Amino acid sequence: MNTMLRKSVLGIAGLAFTGGVFAGPIAAHAAEPVHSTKPVAVSVQGAQSKIDLNDEQLANAKAIIAATKKAGLPERAAVISIATSLQESKLENLGHLGDKNDHDSLGLFQQRPSSGWGTPEQITDPEYSTLAFLKGLKQVDGWQDMPLTEAAQTVQVSAYPDAYAQWEQQAADIVAHHWNS
């Protein structure tokens, strides 16, 4: 029995080696890297959502990236910011929504003037609202290494604390594609 088990293990190892020898060169040529950017997602949690972005939404994502760079923060901060905005507004710079408005929430991050985030004019300015969000993020000890949803929730204090996680992959993809452009 011991000999039979040993032969089986060696046989499987041999197949794996042979597969690697033949598939390795093929795979190496098939996957030409488009970006040499390191991954910015720490660990994507749960099922992911994705939406197609129109020109305005993409411009808002780029504004978030620019503000993150202006603040001197790394790509991870932009990923957290974009995922937060995807959850809060789908990257739309929302003004007052009348009866559909959540309290007095405005802008990309649905920040509230009554909670001290700034004036309505300020928090509907993508750069200002991003810098305000990032100021809150920088006050979270260890935000760089914590799950995205925990970092975002600590800043936003949402009624749906786990909702941010679903946007991490799309946010990471957006940042990877536009960080160096």
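The values are calculated or read from the model by the stated rules, or taken from the named source; none is laboratory data. Being a predicted model, the structure only gives us computed values, none of them experimental. Counting neighbours? That spans all protein chains shown, and the Cβs are built from the backbone with ideal geometry, glycine included. The protein model used for the area step is the full one, side chains on, heavy atoms only, and it has no ligands, DNA or RNA in it. Shrake-Rupley method; radii C 1.70, N 1.55, O 1.52, S 1.80 Å.
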Under the condition of being at pLDDT below 75 and either of a type in the set (Gly, Ala, Ser) or touching a Leu at 6+ places or on another chain (Cβ under 9 Å) (or both), which residue from segment 36-71 is farthest from ALA151 (Cα to Cα)? SER36
Only unsatisfied item for ILE123, checking (1) touching a Leu at 6+ places or on another chain (Cβ under 9 Å); (2) buried (at least 19 other Cβ atoms within 10 Å of the Cβ); (3) under 13 Å from ILE80 (Cα atoms), is (3)
Residue that is nearest to LYS69 (Cα to Cα) [pool: residues in segment 126-168 that are aromatic (Phe, Trp, Tyr) and open to solvent by less than 20 Å² (accessible area, probe 1.4 Å)]: PHE133
Residues to consider are GLY118, GLY72; find the one that is buried (at least 18 other Cβ atoms within 10 Å of the Cβ), assigned to a loop (DSSP other than H, G, I, E, B) and of a type outside the set (Lys, Arg). GLY118
Whether any residue in segment 169-181 is modelled with pLDDT under 95, buried (at least 16 other Cβ atoms within 10 Å of the Cβ) and of a type in the set (Ser, Thr, Tyr) is what I want to check. no
